[in-house]
Structures are given as C-alpha cells and as structure tokens.
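Heads up: the structure comes next, in structure tokens.
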Amino acid sequence: MVSNAYELFDLGDFKLQSGVTVPAARLAYKTYGSLNAQRDNAIVFPCAYNGLIAENEARIGGGSPLDPAIYFIIVAGLFGNSQSTSPSNAAQPFDGPRFPEVTINDNVRAQHRLAMERFGVKTIKLATGFSMGAIQAFHWAALYPDMVERVAPICGAARCSRHNYVFLAGLKAGLIADQNFNGGEYLAKPVAGLKAFGRIYAGWAFSQAFYREQVDIKTMALASADAFLEGFWDPLFQDRDPNNLLAMLRTWQLADIASDGRYRGDFDLALKSISAKAVIMPSATDLYFPVADSEHEAATMPNAVCTPIPTIWGHVAGNAGANPLDTAFVNERIAELLAS
C-alpha cells in the first residue's frame, strides 16, 4: 500500500555548486528494508521530475527486483519537489522565485551524505531511477565510482541534451506566459499556465505511434485526443507549485555528469570513469531521451550495455505501472543486473 509518509535529513548550511549556501537545507527521503551487517545491500532510487517519494513505490516490493526483503532501498526527493527544500517551503531570502539554481550534482551529493551520515552505507549495490531519476543514477556512478557497483538508468541520460533543453524551455515559456504568474510572485495560481505546461508535455511524453495507434482511447476510455488533453493532461499539474516546477526544470537543464570539478566538462572522460556494471534502458520511442544518446553512453562506459525498451509508449514506458509489458521488461533487466 502506498504511504505518503517520509523523513527529513538535515543538511545544515548546504553549499551548492553555484557557490550559494542554502541555510537549514533538508532532504526528504524514505527507506524500505534493512541495511545488512556488511552495509553493502543498499539501492539508491531517486525520484523523477515532479515526483513525490510515494510514487516510487510502484517499483518496490516482493514481486519486484527492488525487494525490501533483500535490499535496503533509499528513495530521495529532488530539491524543489515540495518535500525536500523547495521554493514553496524555503525561508527568505530563497523563497518562491528567489530559490537558487540547484544541480543534479547538488542533489546527489546531498543523497550521498544521507547514505553515509545517517546510515553508514559502504556500498551501493545499485543506483537506478526513471527519467530525472535516471539522470541522478548516472551522477551517482560518475561521482562515486568506487562506491556504486551497478547502475540501471531508465529513460534518462547522463546529461541534458541541447534538444532536451529546448523542450524544457518550451514548458517554462508556456507556464510563465500566464499573467497570474507575475514573475513567480503569484497571488492567484496561474491555472492557464499550468494547463499549457501539461499540454506541451502531452506532445512529448508519449510517442507519435502511441497516438497513431490510439492507445489513449483504448486504455483510458477517452473518446478523442481532445478528451485525452482535457481529462488527463489539463489537471495533471494543477496541484503543483509553479516555482517548484521551474526549479526542478532548471536542475534538469543543468544536468551533466561532467560538470564536476574532476571532469572539467569532459563528458566522455566522465563516462569512461564509470566503473559500475550498467544496463541503460532508453525507450525505443522516447522523444527527448533518444536511443542514440544511450548508445553513445554505453559505448563509452567500460562496462555497459544499451537495452532499449521495445515500446510505443514513448518516455512514459519507463514509469512503473504505466504499461505492464514495459514495467515487466525493465524489472527483468534490473533483476538480471542484480544477479550478475
């Protein structure tokens, strides 16, 4: 049963990659299972964009390779997700639109502190995640290569591509165009902007084939494309804080495993430094994390394979529970990786 409960790890005055220090920063997290005596059965499973901690539970359980009877699973929320320190809960001077730029590097360093300081984890058996969670998994493997044994990024990438960056810029433009947004100082929620945000997403999250085959109509009993937009997409972001969405969006845009000082922008060097055994799982029809990018990552990493999900569900294929066949495919690959 899904539980909305989570805990908070106090990071104190947390210095970001940008040089800005966020006072009294907190990382939201939840754990499943128990850490063994050797402290080497931990799995890190960070949240996706806009994801709440409980939403990761669809891939955790006795019928999943992420089995809490065997592993100690750590799920952490992104800065900006409303649970960890975010524009919606930060104290002045970092509240609302004044929230500083946070990188994936910042998020993963905070998660590493959680694993080490709160639990004393010695080895990460697996780093995995979907979408922006996959980006964090790549960063775990690049930033802590001596600690991470395996990595399974699902529908993600080791950096935000230029094409992906442009998609995200379109989302932002649709949101802030609402006059109620008011530079992030909204007195009334920018409902029209959040609706535009969802409609832009609608054309990217699923593939052309998904719409051509009318999967939305067949699986969701919605009578038309307009009904899909109005019934599924229009409400999707209405309960989320706009400044939070934009903070996480900027984190996504800045993502690059090579941004760490040791790699100095050399992307291929960062990939070559990942010693973890890796199974990279793009969706065959993902519009903003294409298979070609994953193939380059796998070819450059010393111990990686690229195994595309054979699906027409686009990016959503990697979201556990969205499509049972895709969920089973991903779970099988993760199980094989953990058994290797």
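The values are calculated or read from the model by the stated rules, or taken from the named source; none is laboratory data. Keep in mind the model is a prediction, meaning the values are calculated, not measured. Cβ placement follows ideal geometry from the backbone for every residue including glycine, while neighbour counts extend to all protein chains displayed. Each accessible area value is taken on the protein alone, full model and side chains, heavy atoms only, with ligands, DNA and RNA left out. Shrake-Rupley method; radii C 1.70, N 1.55, O 1.52, S 1.80 Å.
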Legend entry - Residues of segment 308-340 satisfying the condition of being assigned to a helix (DSSP H, G or I), closer than 27 Å to K218 by Cα and among the aliphatic types (A, V, I, L, M): V316, A317, L325, A328, V330
Legend entry - Yes/no for F79 being surrounded by 21 or more Cβ atoms within 10 Å (Cβ to Cβ) and without any contact (Cβ under 8 Å) to a residue 60 or more places away in the chain: no
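For Y144, state whether it is farther than 25 Å from L287 by Cβ, modelled with pLDDT of 95 or more, open to solvent by 40 Å² or more (accessible area, probe 1.4 Å) and not β-branched (V, I, T). Explain how you work it out, then say what you get.
Numbers: farther than 25 Å from L287 by Cβ: yes; modelled with pLDDT of 95 or more: yes; open to solvent by 40 Å² or more (accessible area, probe 1.4 Å): yes; not β-branched (V, I, T): yes.
The answer is yes for Y144.
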Legend entry - Residues (of a type in the set (S, T, Y) and either in contact (Cβ under 8 Å) with a residue 60 or more places away in the chain or out of contact with any Pro (no Cβ under 9 Å at 6 or more places or on another chain) (or both)) located in segment 270-320: S273, S275, S283, T285, Y288, S294, T300, T311
Inset, instruction - For residues that are part of a helix (DSSP H, G or I), under 19 Å from R333 (Cβ atoms) and either in contact with a helix residue (DSSP H, G or I) (Cβ under 7 Å, 6 or more places away or on another chain) or of a type in the set (A, V, I, L, M, F, W, C) (or both), tally how many sit in segment 259-307. - result: 4
Legend entry - Subset of segment 204-238 [part of a helix (DSSP H, G or I), without any contact (Cβ under 8 Å) to a residue 40 or more places away in the chain and closer than 21 Å to K172 by Cβ]: L229, W233
Legend entry - Matching residues, segment 18-37, being within 19 Å of the chain's Cα centre (by Cα) and open to solvent by 70 Å² or more (accessible area, probe 1.4 Å): R26
Legend entry - Of the criteria (1) of a type outside the set (S, T, Y); (2) closer than 13 Å to L249 by Cα; (3) open to solvent by 30 Å² or more (accessible area, probe 1.4 Å); (4) in contact with a strand residue (DSSP E or B) (Cβ under 9 Å, 6 or more places away or on another chain), which one K172 fails: (4)
Inset, instruction - Only one of these is modelled with pLDDT under 95, open to solvent by 20 Å² or more (accessible area, probe 1.4 Å) and over 20 Å from K189 (Cβ atoms): D256, D226. Name it. - result: D226
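To keep it simple, each residue is scored yes or no on (1) touching an Asp or Glu at 6+ places or on another chain (Cβ under 8 Å); (2) open to solvent by 20 Å² or more (accessible area, probe 1.4 Å).
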{"site": "G51", "(1), (2)": "no, no"}
{"site": "E55", "(1), (2)": "no, yes"}
{"site": "G63", "(1), (2)": "no, yes"}
{"site": "P68", "(1), (2)": "no, yes"}
{"site": "P87", "(1), (2)": "yes, no"}
Inset, instruction - Working carefully through the options F45, F79, F72, find the one that is more than 15 Å from the chain's Cα centre (by Cα) and closer than 17 Å to Q111 by Cβ. - result: F72
Inset, instruction - Select, from A48, A37, the only residue that is of a type in the set (G, A, S) and in contact with a helix residue (DSSP H, G or I) (Cβ under 6 Å, 6 or more places away or on another chain). - result: A48
Legend entry - Subset of segment 149-203 (residues that are without any contact (Cβ under 8 Å) to a residue 24 or more places away in the chain and of a type in the set (S, T, N, Q)): Q179, N180, N182
Legend entry - Lone unmet requirement of (1) open to solvent by less than 50 Å² (accessible area, probe 1.4 Å); (2) over 16 Å from the mean Cα position of the chain (by Cα); (3) closer than 27 Å to K125 by Cβ for I104: (2)
